[in-house]
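Trainee: Here you go, one structure.
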Number of protein chains: 2
Amino acid sequence: MARRLLDGLAEFSGPVYPVNPNHREIGGRPCYPSLSELPGPAELVLVMVPAQRVPSVVAEARCCGAAWLVLFSSGFAETGAGGRRLQEDVLAAARRNGMRVLGPNCQGLIYRPTGLRATFTAAAELPAPGDSGIAYLGQSGAIGGSLLGMAADRGLGLTAWLSLGNQADLTVAEAAGQLCTDPRIEVLACYLEELPPGSEWQELTTRAAAHGKRIVVLRSGRSRAGQRAAAAHTGALVRSGTAFDLLTRESGAVLVEDLDELLDTAVALTRCSCPPGARIGVVTSSGGAGSLAADQAGDHGMRVPEFDAETRAALQPLIPPFGSTANPVDVTAQVIDDSAQFGAVCRTVADCPSVDAVLVVLTTLGGRTATRIAESVRQAAERSGKPVVVAWLYSHDEIRAASQLLRRSGISVVPTVSAALRLLARLRPHGQRRARPLVRGLRPPGTMTGEAAGAHLLDQLGISRPRGQLVTDPEQATAVAEELGDQVVLKVQSPDIAHKSDVGGVLLGVPSGTASAAAHRMLEEVARTAPHARVDGVLVQEVVPPGVELLVGVQGSDNGYPPVITVGAGGVAAELHRDVTSALAPVSTGQAVALLRGLRCWPLLAGSRNHPECDVRSAARAISSISHAAAEFGERLAELEINPLIVHRCGATAADLVVSGR
Amino acid sequence: MARRLLDGLAEFSGPVYPVNPNHREIGGRPCYPSLSELPGPAELVLVMVPAQRVPSVVAEARCCGAAWLVLFSSGFAETGAGGRRLQEDVLAAARRNGMRVLGPNCQGLIYRPTGLRATFTAAAELPAPGDSGIAYLGQSGAIGGSLLGMAADRGLGLTAWLSLGNQADLTVAEAAGQLCTDPRIEVLACYLEELPPGSEWQELTTRAAAHGKRIVVLRSGRSRAGQRAAAAHTGALVRSGTAFDLLTRESGAVLVEDLDELLDTAVALTRCSCPPGARIGVVTSSGGAGSLAADQAGDHGMRVPEFDAETRAALQPLIPPFGSTANPVDVTAQVIDDSAQFGAVCRTVADCPSVDAVLVVLTTLGGRTATRIAESVRQAAERSGKPVVVAWLYSHDEIRAASQLLRRSGISVVPTVSAALRLLARLRPHGQRRARPLVRGLRPPGTMTGEAAGAHLLDQLGISRPRGQLVTDPEQATAVAEELGDQVVLKVQSPDIAHKSDVGGVLLGVPSGTASAAAHRMLEEVARTAPHARVDGVLVQEVVPPGVELLVGVQGSDNGYPPVITVGAGGVAAELHRDVTSALAPVSTGQAVALLRGLRCWPLLAGSRNHPECDVRSAARAISSISHAAAEFGERLAELEINPLIVHRCGATAADLVVSGR
């Protein structure tokens, strides 16, 4: 491995000093017994010694003026408590001496502009000509090596490559931030095994946006992280890392789910603006392949729209009669032999106003014809400015040159129709900017518990709730009930009872005249089923008129990430059918409407056969208010839930609010 | 193209006679002016002349004793009505002369055992050593060429390859049936652009099963087919081709959705028995890659279970302390250098009783080490007999030999974790055998219309329905209602009204004493909103006690496919949340329970907090009965729907049955 490391440094533009007390020469270079005996200063020290010897090397490194240490050695935090202590000691020593650390337990770095290849991964030796403008940053060297291998396959050289190992000091986010000012880097491809603190990640995304760099992220560890124990119902419906995902999308970065996607998306981002919509124009030389694309488009949230009359008229002279000028456009094998004509078809489709992106699907087509077709696609893409992706279903070896030509122009070439559709779907902007937070001096949530406290917050936010009154003596219930209407709801109030209905603590549709008797019976039942619960009294509440029930929940700000507001279909649908959508808080009323539109139960709100239109605006205002409160509370809020928010034909009522502070 | 065709025939074991009146020699072979002047008989005539000249060639072909014509020529049915007529004429002429036809508009065939390469696709020239035991059959030559290219990339030669073009005579299903008796073929990889008649497809799957051949199917044209106009609610919820899909799965064939999957699944089927469950053991050299697998498993319906204590104990001596003996097993880079040890890990994981299949995820690993690891995986797979799939995230060029070694042993090597998981999910048996149909002499559905007719069928099947009576005079309604209980439901009966509630034709919870008055008002309202509807009277029905509502629908037998029974969550959930499952009819009561278990709304039936357990058995019996009726009716039934089937704590009631015959 040491030998591989030295070989890799052959093209480095600066001096390289091997250090080893047992050798006088390594690989034709003079070798030095220790860092203190180097003939000149060293900016970067590459350390490949057993973990126990690392502290002495760090101490020595001070002598040679090193600014950075790359600790390849393993045997640190990844091995347990002892290793973690050793890692902390090494880091402290480095800091005392003004040195920064990459690693430990890492595979080093590559920076092509200076010819620096300071890594022992075999993948770095694969031929991969040309700077792609893509940087890889990740803890894992194995995943990084895989990415180098895949890039080599695609004829791409990564401009920078960093395996950050245990991230004792330098993290993926900080390193990515550093590369934002590098004019040679266009896309930061990040692989994350743990989520960075929110502040660090926001800093990176802001910086990247400022410098016009694009970020694509693959994260693992979802299954390991598990679900945070959640008191509220929505807590179990929101997958771990949702705040990270939403924040990443809001910044315009792209999230992917597999390694090939990390690379193929990075390639596409070196060129393209993201497609503003889901409408794809498909150009293919095979009716069957076009049909596969049309079949699968919907599975990826994309559409293959019909072309307008002008586009079809423009295509007509370019396509033989047994082809198709409809979308997907089947140019037939005949046109494939005329790359100029094929290019004209691609341009015409790209120019179609109802097309947001172009998918070219090619089949049996290799060698020089392939290169000519690739060049015509490249030119069409360049002229149109719309995103173009190529699914090339053929032998990789036969299309090597052609696909390299395309990829170097930022046109991803992928081996399947589904990979192409997935890529186009990923490129679509998904995030929406948060609204500007309002500050209204709310009483902090930590001081509130129980239904009455929730009611107070609803009143502060101007959200309707059922009128009602707490009675401590059941005898008062009837008098209170008769003020509220013909029928009422009775709810036991106790700090010790989480699920009132489980202990007989909720009675619906109680005739007001019999409220006191019912309250008596209820308290007896609760005393029997929950004998140790402290009971504050009985809440006598008006009956809320029926409507469409929604669930509205907030996970409070955590680890530097903004709060997440989640809306879902109420009743059993949220849980059974996972019909929920989330956004970072706060959201405006308009954004709240967009969230509601994203629910499968939207037709119930919007009105349809047998369902009158609901007051979506009022529901959205309530959701927006709650989200602003969550933003104002910041990390003091743990969770908050309205379950249900009942949306009427006019108005919306929060039947219940549960809030917990930190 | 003619030249490419002739070159391809160089290795054919029999004589080859070029025919062309304008040449005396082609490619070193003597050329004959017409088919009637050949020096010997010709079994197979390859026809590559313009469409208009094909009839004369067919007439001539009789002279040389040809049994088969391969019509490469295009310009037939694919071009429209004129071409269709020409195709019919050609086919009739061939039949008269006792000849069968492959094509027209096809790219020919390859059969490696006799060295026959009768195709002009360039893909046939790619080096692809070794018979894989896989046959491709599809209409499309372009898709077929892509598959040849992909196979060449994977180091695989397809044993047989047929592009069937317009299928004027020989179809994919018939050709596949022929290959079932070929001992050199193990897997039939079929690409279908249109669905074969059910009888033909059932014949093939039965034959394949009898000869131990596996079938994998990719079909396109879903989006083109569109949805059949459906009167019943479930019709819109069942995607087109569901009967084909269910029948295919029932037979043990595998359905895939993209071209790479067609090939990779075929490779896996040359070796493996299908995994009996969803539990996968993951072995990897990279913790990150293992984590990606664990994250994504659930998305593909797979699980990464915990190992039992014995398996962990057996792994313990094989894995360094900084690796992981838990699932996913991280062997660390150290073990990768020792292929015997890696093989032992794979064997141990495969032997674990809680593992149904093994996923090996490899990263940066190429050259000879790669081949050694591949060999150890192959041996472990051979020993265990469980399905093994390898996700190898690296440069294709670097692992060429290693992955070829694996694929030739029936172990698929795919480039991403998600492709591997998708493949394992596809391999799982999904179908269930239909129950044996009962015959009970039901009155055929064509004779029935309206609610009363549906009621008759429910009675024949022994399915409970609300008691009720049709009154032709509204004055009778109160008397009838008072027999039925305190409250009743009134429903207008008219052959012209599909959606009664849209025209005010349904009244719920009518006090029995006021039923006549209500019936009068309802008929007036209907007369106003649907003035031209013929009205048979008013159905006075008892109120059904509440319960969990289900939707039960049947699409009748069609095109030779069995009927499809679909159950779904009732009310809005089926439509909004697409919570439906389907099976081929008939199903047994046990299979009906399995269908219900597959619904997301199952917890409502099974009982949970706030929901009492329902009488699932009664619901399943009703579903099974309906499915048997559908099987008995055969193609005479178009559609049938119970909406809703209300499942009580005891019993189940079909609130409404709509049936339409053909």
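The values are calculated or read from the model by the stated rules, or taken from the named source; none is laboratory data. On a predicted model such as this, the values are computed, not experimentally measured, just so you know. All Cβ positions, glycine included, derive from the backbone under ideal geometry; neighbour counts span all protein chains shown. With ligands, DNA and RNA removed, areas are computed over all heavy atoms of the protein, side chains included. Shrake-Rupley method; radii C 1.70, N 1.55, O 1.52, S 1.80 Å.
Trainee: Name the residue, out of B:R303, B:R271, that is outside the structural domain of B:D153 (by TED's automatic domain parsing) and basic (K, R).
Mentor: The conditions single out B:R303.
Trainee: Let me ask you something else. Could you check the range B:148-187 and list, in sequence order, the residues that are within 8 Å of chain A (Cβ to nearest Cβ) and either touching a residue at least 60 places away in the same chain (Cβ under 8 Å) or of a type in the set (D, E, K, R) (or both)?
Mentor: B:M150, B:D153
Trainee: Scan A:A175, A:A142, A:A152 and give me the residue that is part of a helix (DSSP H, G or I), more than 20 Å from the chain's Cα centre (by Cα) and surrounded by fewer than 24 Cβ atoms within 10 Å (Cβ to Cβ).
Mentor: Going through A:A175, A:A142, A:A152 in turn, the sole match is A:A152.
Residues are listed down the side, and each one gets a yes or a no for (1) small (G, A, S); (2) out of contact with any helix residue (DSSP H, G or I) (no Cβ under 8 Å at 6 or more places or on another chain):
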residue: B:L246; (1), (2): no, yes
residue: B:G252; (1), (2): yes, no
residue: B:V267; (1), (2): no, no
residue: B:P275; (1), (2): no, no
residue: B:I280; (1), (2): no, no
residue: B:S286; (1), (2): yes, no
residue: B:D295; (1), (2): no, no
residue: B:A309; (1), (2): yes, yes
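Trainee: Within the range B:156-170, how many residues turn out to be among the acidic types (D, E) and either under 20 Å from B:E186 (Cα atoms) or modelled with pLDDT under 95 (or both)?
Mentor: Adding up the residues that qualify gives 0.
Trainee: Which of the residues spanning the range A:121-143 are aliphatic (A, V, I, L, M), more than 9 Å from every other protein chain (Cβ to nearest Cβ) and within 21 Å of A:G103 (Cα to Cα)?
Mentor: A:A124, A:A135, A:L137
Trainee: Let me ask you something else. Could you list, in sequence order, the residues of the range A:242-271 that are among the small types (G, A, S) and either in a helix (DSSP H, G or I) or within 14 Å of chain B (Cβ to nearest Cβ) (or both)?
Mentor: Correct list: A:A243, A:A266, A:A268.
Residue-wise test of (1) closer than 22 Å to B:A297 by Cβ; (2) under 31 Å from the mean Cα position of the chain (by Cα); (3) open to solvent by 10 Å² or more (accessible area, probe 1.4 Å).
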| site | (1), (2), (3) |
| --- | --- |
| B:P387 | yes, yes, no |
| B:Q404 | no, yes, yes |
| B:P415 | yes, yes, yes |
| B:P429 | yes, yes, yes |
| B:A455 | no, no, yes |
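Trainee: For A:R383, are the conditions met, namely being part of a helix (DSSP H, G or I) and touching a residue at least 24 places away in the same chain (Cβ under 8 Å)?
Mentor: Judged against the criteria, A:R383 is a match.
Trainee: With respect to A:T206, determine if the residue is part of a loop (DSSP other than H, G, I, E, B), outside the structural domain of A:E78 (by TED's automatic domain parsing) and open to solvent by 60 Å² or more (accessible area, probe 1.4 Å).
Mentor: Against the criterion (part of a loop (DSSP other than H, G, I, E, B), outside the structural domain of A:E78 (by TED's automatic domain parsing) and open to solvent by 60 Å² or more (accessible area, probe 1.4 Å)), A:T206 does not qualify.
Trainee: Restricting the range B:272-309 to residues that are free of Cβ contacts under 8 Å to residues at least 40 places away in the same chain and surrounded by fewer than 19 Cβ atoms within 10 Å (Cβ to Cβ), which is farthest from the other protein chains (Cβ to nearest Cβ)?
Mentor: B:A309
Trainee: With the requirement that a residue be free of Cβ contacts under 8 Å to residues at least 60 places away in the same chain and open to solvent by less than 10 Å² (accessible area, probe 1.4 Å), what does the range B:511-564 give you?
Mentor: B:S512, B:A515, B:A518, B:A519, B:M522, B:V526
Residue-by-condition table, conditions (1) aromatic (F, W, Y); (2) closer than 21 Å to A:Q334 by Cβ; (3) outside the structural domain of B:A175 (by TED's automatic domain parsing):
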position	(1), (2), (3)
B:L71	no, yes, yes
B:A77	no, yes, yes
B:A94	no, no, yes
B:R100	no, no, yes
B:Y111	yes, no, yes
B:G115	no, no, yes
B:F120	yes, yes, yes
B:G130	no, no, yes
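Trainee: When you scan the range B:197-217, do you find a residue that is within 14 Å of chain A (Cβ to nearest Cβ), at pLDDT 95 or above and closer than 24 Å to B:Q404 by Cβ, even just one?
Mentor: So far as the range B:197-217 goes, no, none of its residues is within 14 Å of chain A (Cβ to nearest Cβ), at pLDDT 95 or above and closer than 24 Å to B:Q404 by Cβ.
Trainee: Against the condition surrounded by fewer than 24 Cβ atoms within 10 Å (Cβ to Cβ), more than 26 Å from the chain's Cα centre (by Cα) and more than 14 Å from chain B (Cβ to nearest Cβ), how does A:A606 come out, does it pass?
Mentor: no
Trainee: Could I ask something else about it? Which strands (runs of 3 or more DSSP E) sit wholly inside the range B:32-118 and have at least 2 residues that are surrounded by fewer than 19 Cβ atoms within 10 Å (Cβ to Cβ) and on the phi < 0 side of the Ramachandran plot?
Mentor: Qualifying strands (runs of 3 or more DSSP E): none found.
Trainee: Going by the conditions given, is A:V572 under 25 Å from B:R600 (Cβ atoms) and modelled with pLDDT under 95?
Mentor: Yes: the conditions hold for A:V572.
Trainee: Which condition number does B:E375 fail, the rest of (1) open to solvent by less than 10 Å² (accessible area, probe 1.4 Å); (2) under 27 Å from B:E261 (Cβ atoms) being met?
Mentor: Going through the list (1) open to solvent by less than 10 Å² (accessible area, probe 1.4 Å); (2) under 27 Å from B:E261 (Cβ atoms), B:E375 breaks only (1).
Trainee: Restricting the search to the range B:567-594, which residues are crowded, with 24+ Cβ neighbours inside 10 Å and more than 14 Å from chain A (Cβ to nearest Cβ)?
Mentor: B:V567, B:A583, B:L584, B:A585, B:P586, B:V587, B:A592
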